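The structure appears right after this line, and notes come after that.
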Amino acid sequence: MKNKGSFRLTFILCIVLFLIISLNWSLFISGPSRIQEEKNEKILSKIEKRVEGIKGLTCHIFDYVTFNGYTNDTLYWFDENGDTITKREISDLNYEKAKDVAKEEYNVDCKTIELGYGYNNPCYEIVGTDYMILIDFDSFVRVYEREI
């Protein structure tokens with residue numbers, strides 16, 4: 001009889017422990033992530049309403065959160081409120097030159113390249129094997145570099 005009672009108590013305590021861990025997980029780990037996702041969805045919706053036909057909306061986090069996307073002829077960068085920071089003609093986009101500059105001047109072999117935003121300007125974000133580098137969209141000068 002005594003063994004059944006301790007088994008039940010242990011089982012109940014295990015269930016309580018599982019519930020406490022689940023509650024903490026939902027409050028402190030997944031909760032803030034869901035809040036951020038909802039906030040980003042609202043911003044993306046705001047951007048889509050402001051710029052008709054915008055595609056490829058992505059979030060970039062560097063010094064602060066920015067979003068970028070494009071239409072048939074224009075590249076756009078937005079701040080964390082969905083307001084336009086800057087825009088460029090899509091014909092100015094030159095991934096190949098950015099990759100060449102990263103390789104020749106900074107010895108970074110490009111694994112991935114995407115648009116981002118540096119401290120004060122739009123950039124190409126190039127990730128290599130060991131380094132990540134931000135190169136200014138207009139001048140092709142290094143804005144930031146770090147070892148991965």
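Below, the figures for the structure above:
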item	result
Answer residue from region 97-148, given it is closer than 25 Å to T84 by Cα and among the polar types (S, T, N, Q) and is modelled with the highest pLDDT among those	S139
Looking only at region 21-55, and only at residues there that are in a helix (DSSP H, G or I), under 21 Å from K87 (Cα atoms) and open to solvent by less than 100 Å² (accessible area, probe 1.4 Å), the one that is modelled with the lowest pLDDT	N40
Pairs where the first residue, in region 124-141, is in the same structural domain as K87 (by the TED database) and closer than 20 Å to Y76 by Cβ and the second is open to solvent by less than 10 Å² (accessible area, probe 1.4 Å) and of a type in the set (S, T, Y), C-beta under 6 Å, 6+ apart	I135/Y124
Residue count, region 111-127 (criterion: surrounded by fewer than 19 Cβ atoms within 10 Å (Cβ to Cβ) and assigned to a loop (DSSP other than H, G, I, E, B))	4
Yes/no for F62 being in the same structural domain as G116 (by the TED database) and modelled with pLDDT of 95 or more	no
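Residues are listed down the side, and each one gets a yes or a no for (1) within 14 Å of the chain's Cα centre (by Cα); (2) open to solvent by 80 Å² or more (accessible area, probe 1.4 Å); (3) of a type in the set (K, R):
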residue: V65; (1), (2), (3): yes, no, no
residue: Y70; (1), (2), (3): no, yes, no
residue: T74; (1), (2), (3): no, no, no
residue: A98; (1), (2), (3): no, no, no
residue: E105; (1), (2), (3): no, yes, no
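The values are calculated or read from the model by the stated rules, or taken from the named source; none is laboratory data. Computed from a prediction, not measured in an experiment: that's the story for all the values here. Neighbour counts run over all protein chains shown; Cβ positions are idealised from the backbone, glycine included. Keep in mind that these areas ignore ligands, DNA and RNA; they rest on the heavy atoms of the full protein, side chains included. Shrake-Rupley method; radii C 1.70, N 1.55, O 1.52, S 1.80 Å.
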